[in-house]
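Encoded as structure tokens, the structure appears first; notes follow it.
The values are calculated or read from the model by the stated rules, or taken from the named source; none is laboratory data. Treat the numbers as computed from the prediction; the structure is a model and nothing was measured. With ideal geometry, Cβ positions are generated from the backbone for all residues, glycine too; neighbour counts draw on all protein chains shown.
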Amino acid sequence: MGQDHEASLTRFEVSPPDLVETEFQKHYRILENNDYGLVAASSISQIEKGDKTPTVGVTTVVINKGTGEFWLSIILAGQGQSVNHPVHGKCLKS
């Protein structure tokens, strides 16, 4: 059946033009932010230090403001297979 997953809490702050994950200061460029939802993304296309092949991909954050539904997805190309381990949850307002 399914895998066991531990619940975790991640804090994001809207700091235009970015959505910032506060613990690691990861920045996602806000693509859309209105009364209905927020969509943000962070892309990469480079050879990282110590690697011999490029990392090419995108991380997306999608929030439905009406329902509080949250999705985070990572997709990498050229690494044998795309990596897509979506995280789904609910947003809590602080």
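Just the residues that are more than 16 Å from the chain's Cα centre (by Cα), at pLDDT below 90 and under 19 Å from THR10 (Cβ atoms), please, taken from segment 67-94.
Of everything in segment 67-94, those that are more than 16 Å from the chain's Cα centre (by Cα), at pLDDT below 90 and under 19 Å from THR10 (Cβ atoms) turn out to be LEU92, LYS93, SER94.
Sort through GLU6, GLU48 and tell me the only one that's under 19 Å from SER73 (Cα atoms), surrounded by fewer than 14 Cβ atoms within 10 Å (Cβ to Cβ) and not β-branched (Val, Ile, Thr).
Values: GLU48 fails: under 19 Å from SER73 (Cα atoms).
Only one candidate passes the filter, namely GLU6.
Just checking, does segment 63-72 include any residue being in contact with a Pro (Cβ under 8 Å, 6 or more places away or on another chain), surrounded by 14 or more Cβ atoms within 10 Å (Cβ to Cβ) and without any contact (Cβ under 8 Å) to a residue 24 or more places away in the chain?
Start the filter on segment 63-72 by keeping residues that are in contact with a Pro (Cβ under 8 Å, 6 or more places away or on another chain), which leaves 71-72.
Next cut, surrounded by 14 or more Cβ atoms within 10 Å (Cβ to Cβ) only: 71-72.
Next cut, without any contact (Cβ under 8 Å) to a residue 24 or more places away in the chain only: 71-72.
Yes, there is a match, as at least one residue in segment 63-72 is in contact with a Pro (Cβ under 8 Å, 6 or more places away or on another chain), surrounded by 14 or more Cβ atoms within 10 Å (Cβ to Cβ) and without any contact (Cβ under 8 Å) to a residue 24 or more places away in the chain.
Could you tell me which residue of segment 9-45 is surrounded by the most Cβ atoms within 10 Å (Cβ to Cβ), considering only residues that are among the aliphatic types (A, V, I, L, M) and at pLDDT below 95?
Initial filter on segment 9-45 (among the aliphatic types (A, V, I, L, M)): 9, 14, 19-20, 30-31, 38-41, 44.
Then drop every residue that is not at pLDDT below 95, which leaves 9, 44.
Numbers: LEU9: 7, ILE44: 12.
The extreme case among them is ILE44.
Within segment 31-55, which residues are over 21 Å from ARG11 (Cβ atoms) and within 15 Å of the chain's Cα centre (by Cα)? Before you say what the answer is, go through the steps one by one.
Going through segment 31-55, the residues over 21 Å from ARG11 (Cβ atoms) turn out to be 34-36, 43-55.
Correct list: SER43, ILE44.
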